[in-house]
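The values are calculated or read from the model by the stated rules, or taken from the named source; none is laboratory data. From a predicted model like this one, the values you see are computed outputs, not experimental measurements. Don't worry about glycine lacking a Cβ; one is built from the backbone with ideal geometry, like all the others, and counts go over all protein chains shown. Remember, those area values only see protein heavy atoms, side chains included, never the ligands or the DNA or RNA. Shrake-Rupley method; radii C 1.70, N 1.55, O 1.52, S 1.80 Å.
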Amino acid sequence: MLWDAWDKGADWLSIKFLTSFPSRFPEEAGIKSALMGSIWLMVLTAIMSIPMGIGSAVYLEEYARKSILTQLIELNISNLAGVPSIVYGILGLALFVRGLNMERSLISGALTLTLLILPIIIISSREAIRAVPSSIRDASYALGATKWQTISYHVLPAAIPGILTGNILALSRAIGEAAPLLMIGALTFIAFTPESIFDPFTALPIQIFNWASRPQAEFQYLAAAAILVLLALLMTMNAAAIIIRNKYQKNLKW
Amino acid sequence: MDRLRIQRIRELAIEKTLFLCALVSVLTTMGIVLVLVFETLSFFEEVPILEFLTGTTWAPSFRPQHFGVLPLINGTLMIALGAAVIALPLGIASAIYLSEYAKPGVKAVVKPVLEILAGIPTVVYGYFAISFITPLIREVVPGTNIFNAASASIVVGIMILPMVSSLSEDAMRSVPGALREGAYALGSTKFDVSTKIVVPAALSGIIASFILAISRAIGETMAVTLAAGATAKMTLNFFESIQTMTAYIVQVSLGDTPYGSIEYRTIFAVGAVLFVMTFIMNIASMWIKNRYREVYT
Amino acid sequence: MTTVIKTINLNAWYGEKLALIDVNTEIEENKITAIIGPSGCGKSTFIRCLNRMNDLVDIFRYEGEIIVDNININDIEPEALRKNVGMVFQKPNPFPKSIYDNIAFGPKIQGVKDKGELDSIVEQSLKKAALWDEVKDRLKDSALGLSGGQQQRLCIARTVAVEPEIILFDEPCSALDPISTSKIEDLMIELKKKYTIVIVTHNMQQAARASDYTAFFLDGKLIEFGDTKQLFRKPVEKSTEDYIIGRFG
């Protein structure tokens, strides 16, 4: 599969491809707006989803007592992780684009992606927090530390490598998503880079979808080239996650 | 003791904030359900629910309009079936291999490859389907439509393969070694142990992984939109163009459908069917996994 | 002779399970009180009541009164109580941080910010725990690099650093070798000059060697409580004698 994309796309990869806007003419087309859009989306989504996801995970692991409500929240999170991404797109369309009048903007896209990856972030962060031995918590409490002091001084620092790994993987999922963005109306032909979070936008997977759905062979090659860029981006993120995980495992000896 | 008082207030504020974070996920679900219910109900004001659920023609943008969702469900289930035919046997075989046969060295290669496979964006699978698999099928089966269910089924099958494999492997690995040793002590071969001891003992986990993977196939969007076509019809021919529920939703949202029109509302009605189907399967998967989990200590 | 800890009709439950039954004790200042008894007799539950560590267990509850320094422990914040009633655990549990940070954490959360003051607390605490000479050149190294016995003494230093009045030891030597164990015992005898010490132990010799008073628990009940020498030499209760001479447990 990789070879197929490489075979067709490699020749089309160039600096010009990265720095040009999309065009009707395959030779002139590039992915500047899509790449910028994806980067914007990634940053915005990270800013919103990571604190909220870690916050939920901390609440569920450290604060929540066993009750009907927490069981409901837990059941609900594992369920949300299995909801098709396009359904999030429908929610984003009704809630952010229409309901809150955010239009077809970056912020609508980022909010939709945030809801999409939140369950993944919560689940992986909870695992990382659970892996911190309870003897560390006991030690901290026994010295007179409050719950939050215990969490912020000891639990989170010990869990952060694991949390980071999971969060990066969740973000890389967000970066590859096309369906929900199509739903909320990311445009496929945008000849400018977004300046603010309320601007319309496109993203790499959308651009790939657009090119791949055209019959002309040249556009297929463009799609392949854009796929190479997207995969390179994802590989980098995955590599970062793996490096963090390995470093963590080396230091892990309680 | 002023410091302690301030501390207490701060602690409480932090706890409440974190609780609100946890609540977002509940609100998300409520949001999804409310949006789908609300819009679907207003869709049913114009289209009788019976016609929607039993009609065999789906033509919302032609006159006369038809709103029978069965062709879309038909298309969706074809993809799910095709993907299952590919992913389930391969998935369970690779899980058995990884859990029972593979040496650590092989595992160290195969597992990351499966992980990478799972991390590839679905739009890339879609490209792969139309640029590689479809031409291949057309060589073998002349007369195949350029958009066809077979090609999409194959890539969706590849897509859900890692899920079946890794979840089934987890289930098999949690079967205690003592059970295997018991069987070996009676003179069983490795194959016997794998198929007669390990797989039955891990069956609930394996079935749960199947259901979850099929649910994923049903909800899959980009690959089927690109490869399976946009022709909603009642067929069982894998070499024709079809349309799934997800591909229809994308099709509508790509066009210039006026907000509030009946066509716009079809998104939500079809989305509701999709949501209910996947929701039931996810719950069933979880239930089976928990209900029939053998407790080994 | 002053009583610092007093429990009155203490009953405790984990869920439906009754773990302590009508426990009445008076624990004396600047003495070492050993708690002995077979596994599951409630001795750990008992000392975890004294600094409200059991509060962290969802299903735990108790009835009766626990008085520390003439105050019912429910009338003060658990954090303030735990600062005053320190605890050393069964397995050494240093924070995965430097030796220095392990000790400085307690004073820091009590509001000590001055670097010089922290430095001197760290030094004093390590000296009190007889660890200073072994680690003074590597305060910035990870505490996880220390041996088990050193880690346990670090945990004692960490506890001492917040200046408690009482220190609870929950089987502090069960994970240590004999040499480290005797170091910890010597240390406890040294520490009782300034602190009141309660130690849970499995090891009868340890109780006999190090403690002034001994309490024997069985099935959640306090069977016998008295002067250590007397209890070991001439136990009043039959079951105490059976346990001490090793007939069960």
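Brief remarks follow.
- Net charge in the neighbourhood of C:Pro172 (other residues with Cβ under 15 Å of its Cβ; Lys, Arg +1, Asp, Glu -1) is +1.
- Stokes-Einstein D (µm²/s) once Rh is taken as the Kirkwood radius of the stretch C:1-141 over alpha-carbon pairs, at 25 °C in 0.890 mPa s: 141
- Think of a 1.4 Å ball rolled over the protein heavy atoms: the stretch B:2-45 then has 61 Å² of accessible area per residue.
- The antiparallel fraction among DSSP beta bridges confined to the protein assembly as shown stands at about 60%.
- The alpha carbon gyration tensor of the stretch B:1-116 gives principal lengths a ≥ b ≥ c with a/c of 1.5 or higher and a/b no greater than b/c, which makes the shape oblate.
- Surface analysis of chain C yields an accessible area of 44 Å² per residue, using protein heavy atoms and a 1.4 Å probe.
- For the stretch B:2-45, the direction-averaged projected area of the alpha-carbon convex hull comes to 3.4 nm².
- For the stretch B:150-193, the orientation-averaged shadow of the C-alpha convex hull comes to 4.0 nm² (one quarter of the hull surface).
- Ranking C:Pro92, C:Ala210, C:Gln110 by how far each Cα lies toward the positive end of the dipole of the stretch C:3-244 (charges on Cβ) leaves C:Pro92 at the top.
- With all protein chains in place and a 1.4 Å probe, the accessible surface of the protein assembly as shown carries 61 percent carbon and sulfur.
- For the stretch C:162-197 versus the stretch A:60-103, the spacing of their alpha-carbon centroids is 51 Å.
- Across every direction, the projection of the convex hull enclosing the Cα atoms of the protein assembly as shown has a mean area of 41.9 nm².
- The Rg/Rh ratio for the stretch C:3-244, using Cα coordinates for both the radius of gyration and the Kirkwood hydrodynamic radius, is 0.97.
- Computed about its Cα centre, the charge dipole of the stretch B:2-45 is approximately 480 debye, with only Lys, Arg, Asp and Glu carrying charge at their Cβ.
- The stretch B:59-291: C-alpha gyration tensor shape, a/c 1.5 cut-off, then a/b vs b/c: prolate
- Chain A contacts chain C over a buried accessible area of about 1900 Å², both sides summed; the probe is 1.4 Å and only protein chains count.
- Rounded if a/c under 1.5, otherwise prolate or oblate - the stretch B:112-225, Cα gyration tensor axes: prolate
- Remark: accessible area buried at the A-B interface is about 4800 Å², both chains counted, probe radius 1.4 Å.
- Between the stretch A:131-157 and the stretch B:49-96, the alpha-carbon center distance in angstrom: 51
- Alpha-carbon centroids, the stretch C:215-249 and the stretch B:169-217: separation in whole Å: 52
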